[in-house]
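**Student:** Okay, here's the structure, questions in a sec.
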């Protein structure tokens, strides 16, 4: 049988970085093929080459047996390749129908857009595929799950027979993920070929027929899913043994002898408005004791971001109190909160965590620079000393303090943030999406750091979109739904299924 | 004050704004900042006078004026789209360049540093009060035509996509560069026509004759929240304020400077979000790698 996709010996460099080094990929028609690898392994580059967004420096690309090396986006679309990008390629100010027909618009007479036909086409395609979205709705009004449906409809509308999905579940809730699986299986059964890029091994095992593993720009393994295990895939991805914390629970540690009441983090009926004046957190109360991890799960956009920002001092609160070790910090600025013992790993390291143009050494003293200054002048020697120490303590690679943060991989950038926030004395840690966009090896390291801090008696608030992360690290788990805690329960009693129901609001909870 | 004469004068004042603002909407919706309207208008005005002077026909002047706007638009497009220069910086440079270039050729063609000789124009019947000028009607039509183009044609859909999410447009095979080239060219031609109207109405070109009208047009685009019809409404509003100032002259009821401030004050208010939020196209002015 001729492979649907055959890529051989693909080389692609960006300046000094070699994203693909003789990478190969072979996908048979009618299968779901998982392409896995750590961040920076070269998966996306390979798919961009397939989709005609880039041309390879060397190598050969064949689609259905035809040599198409170096083709253009429109060639790829015409040949039936459809790429569903990780970051949605939808125009938020246009309607669903307008997004679908963009680039291949139906016309009445010569120049007039036939909107009615566009809308009808959407409805027809929706009925055929079961991907239902109202054609007249603005994309900005859609939920993430709906937007993804539009993305898939969009490539199908262009006649895609080979679908490439780049990290499709990163932003979905568990029920939405299951719905997506059903759609993909149905598409495959109707003859479509699907390439799934992901780093979630449970997804790979559940859904795919065949797996290709990439590491450092090369293809290291191609194997039938039925003949392998998650541990083997992980080993192939990283090149060494890794402990998969997913699924296995940490044991509660011995807490410091009877913590004083009021110690740790305490939040009392906190209410917060978004920047647009919409109520996003409503009357949330909770405490995190020293030596405890409270995990907050929830579909993104249910107030978690604003809650953490308010706790960190980056967003004003409307009412309520925030206490650290019994000290009311509700009205205190960020610097004063640091001094009270608060550390914060922000959810977006590029926006809040780092200044990418600064060196690693300078990033490591951001926010605490006053301790490195004498009479208003920063003492370079001490900054370097600190950097060398943190780089070795947190295994930041490459171990070069004067490298710009931009030059580091996502995982090592995150380690810089973590080194800065956890390398100093603190009693309460806000860890928001601490492993987002980080490779498997670094995830393992970050999890260890968090658990170590917990056993040292720190109070940790963990917010994560990764349910298995929340379950594995937390003592107690809360689910945020529409600005409130839908439920708070011991992690030992929680499961993905139960939390999933609270996350989408089908189950209403016990918590205020 | 005679309401009819107020209205006709207001419309005549509004026409250059209407042309330029319609052009500005097209360019900005595609993601390119239109600080350049002033320069496009000035070169359009000069082009019109040169064409009319040497041919004797104002219709030739219309064509050469459109060409004048187009040339500067292409300079803007090539530097900002092809070479990815900062659109605001280039915009300011284009406006200064237009002043210098028109002044240079004014001297070269007409041996004057202040104004051209008198040229033919359209209409002129006193009773028609300017409404026998075909350009006036064209100006009134510019906003509805642009609105139709933006909202009802495939090209308009691509313009909106290019201005909001260029990567998305690119991913479905739409050439964002091509869309933006066309949009900026259209804005140059339309703003150029605004200058043509101005020059032919006054039957001559004078140094820096656009006198900030391009900036008022940009204000109208912003005040109109990037919708062609609302921007046209803003043009009429600004023109009404100006007419009021002219007709009140001599009465000294309000200092004229205050009336002149109206467009800018309204624009600041609009940008501050008092009159509904002014949300520009998401990719406006962004240079992608």
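The values are calculated or read from the model by the stated rules, or taken from the named source; none is laboratory data. On a predicted model such as this, the values are computed, not experimentally measured, just so you know. We place every Cβ from the backbone using ideal geometry, glycine too, and count neighbours over all the protein chains shown.
**Student:** Sort out which residues of segment B:155-191 are at the interface with chain A (Cβ under 9 Å from one of its Cβ atoms), over 16 Å from residue A:89 (Cα atoms) and either touching a strand residue (DSSP E or B) at 6+ places or on another chain (Cβ under 8 Å) or buried (at least 24 other Cβ atoms within 10 Å of the Cβ) (or both), and write them in order of number.
**Tutor:** Of everything in segment B:155-191, just one residue is at the interface with chain A (Cβ under 9 Å from one of its Cβ atoms), over 16 Å from residue A:89 (Cα atoms) and either touching a strand residue (DSSP E or B) at 6+ places or on another chain (Cβ under 8 Å) or buried (at least 24 other Cβ atoms within 10 Å of the Cβ) (or both), namely B:156.
**Student:** Of all residues in segment A:87-100 being touching a strand residue (DSSP E or B) at 6+ places or on another chain (Cβ under 8 Å) and within 7 Å of another protein chain (Cβ to nearest Cβ), which is modelled with the highest pLDDT?
**Tutor:** Here the residue is A:94.
**Student:** Let me ask something additional. Looking at (1) at pLDDT below 95; (2) more than 14 Å from chain A (Cβ to nearest Cβ), which is the only condition residue B:152 fails?
**Tutor:** (2)
**Student:** Can you pull out every residue in segment B:166-201 that is over 23 Å from residue B:143 (Cα atoms) and in contact (Cβ under 8 Å) with a residue 12 or more places away in the chain?
**Tutor:** Once the filter is applied, which keeps residues that are over 23 Å from residue B:143 (Cα atoms) and in contact (Cβ under 8 Å) with a residue 12 or more places away in the chain, segment B:166-201 yields B:166, B:167, B:174, B:176, B:177.
**Student:** Additional query: Give segment A:338-364 a look and list any residue that's more than 19 Å from residue A:398 (Cβ to Cβ), surrounded by fewer than 21 Cβ atoms within 10 Å (Cβ to Cβ) and in contact with a helix residue (DSSP H, G or I) (Cβ under 7 Å, 6 or more places away or on another chain), or say none.
**Tutor:** Answer for segment A:338-364, where residues must be more than 19 Å from residue A:398 (Cβ to Cβ), surrounded by fewer than 21 Cβ atoms within 10 Å (Cβ to Cβ) and in contact with a helix residue (DSSP H, G or I) (Cβ under 7 Å, 6 or more places away or on another chain): there is none.
**Student:** With segment A:393-512 as the region, which strands (runs of 3 or more DSSP E) entirely inside it contain at least 1 residues that are within 21 Å of the chain's Cα centre (by Cα), under 27 Å from residue A:41 (Cβ atoms) and touching a residue at least 12 places away in the same chain (Cβ under 8 Å)?
**Tutor:** A:428-432, A:459-463
**Student:** Which number in (1) touching a residue at least 40 places away in the same chain (Cβ under 8 Å); (2) surrounded by 18 or more Cβ atoms within 10 Å (Cβ to Cβ); (3) within 14 Å of chain B (Cβ to nearest Cβ); (4) part of a loop (DSSP other than H, G, I, E, B) marks the one condition that residue A:41 misses?
**Tutor:** Going through the list (1) touching a residue at least 40 places away in the same chain (Cβ under 8 Å); (2) surrounded by 18 or more Cβ atoms within 10 Å (Cβ to Cβ); (3) within 14 Å of chain B (Cβ to nearest Cβ); (4) part of a loop (DSSP other than H, G, I, E, B), residue A:41 breaks only (3).
**Student:** While we're looking at this one, here's another question. Across segment A:65-120, what is the total count of residues that are under 28 Å from residue A:172 (Cβ atoms) and touching a residue at least 60 places away in the same chain (Cβ under 8 Å)?
**Tutor:** 11
**Student:** Go through segment B:107-132 and count every residue that is touching a residue at least 40 places away in the same chain (Cβ under 8 Å) and either exposed (fewer than 11 other Cβ atoms within 10 Å of the Cβ) or assigned to a loop (DSSP other than H, G, I, E, B) (or both).
**Tutor:** Adding up the residues that qualify gives 12.
**Student:** Which numbered condition trips up residue A:54, out of (1) in contact with a strand residue (DSSP E or B) (Cβ under 6 Å, 6 or more places away or on another chain); (2) modelled with pLDDT under 90?
**Tutor:** Here residue A:54 clears every test but (1).
**Student:** Further question on the same structure: I need the full set of residues from segment A:52-86 which are within 8 Å of chain B (Cβ to nearest Cβ) and either touching a helix residue (DSSP H, G or I) at 6+ places or on another chain (Cβ under 8 Å) or in a strand (DSSP E or B) (or both), in order please.
**Tutor:** Answer for segment A:52-86, where residues must be within 8 Å of chain B (Cβ to nearest Cβ) and either touching a helix residue (DSSP H, G or I) at 6+ places or on another chain (Cβ under 8 Å) or in a strand (DSSP E or B) (or both): A:53, A:73, A:83, A:85.
**Student:** Which fully enclosed helices (runs of 4 or more DSSP H) of segment A:106-197 have 3 or more residues being more than 19 Å from residue A:208 (Cα to Cα) and within 14 Å of chain B (Cβ to nearest Cβ)?
**Tutor:** Correct list: A:115-129, A:144-157.
**Student:** Additional query: Would you say residue A:103 is within 23 Å of residue A:44 (Cβ to Cβ), modelled with pLDDT of 90 or more and either more than 7 Å from chain B (Cβ to nearest Cβ) or buried (at least 16 other Cβ atoms within 10 Å of the Cβ) (or both)?
**Tutor:** no
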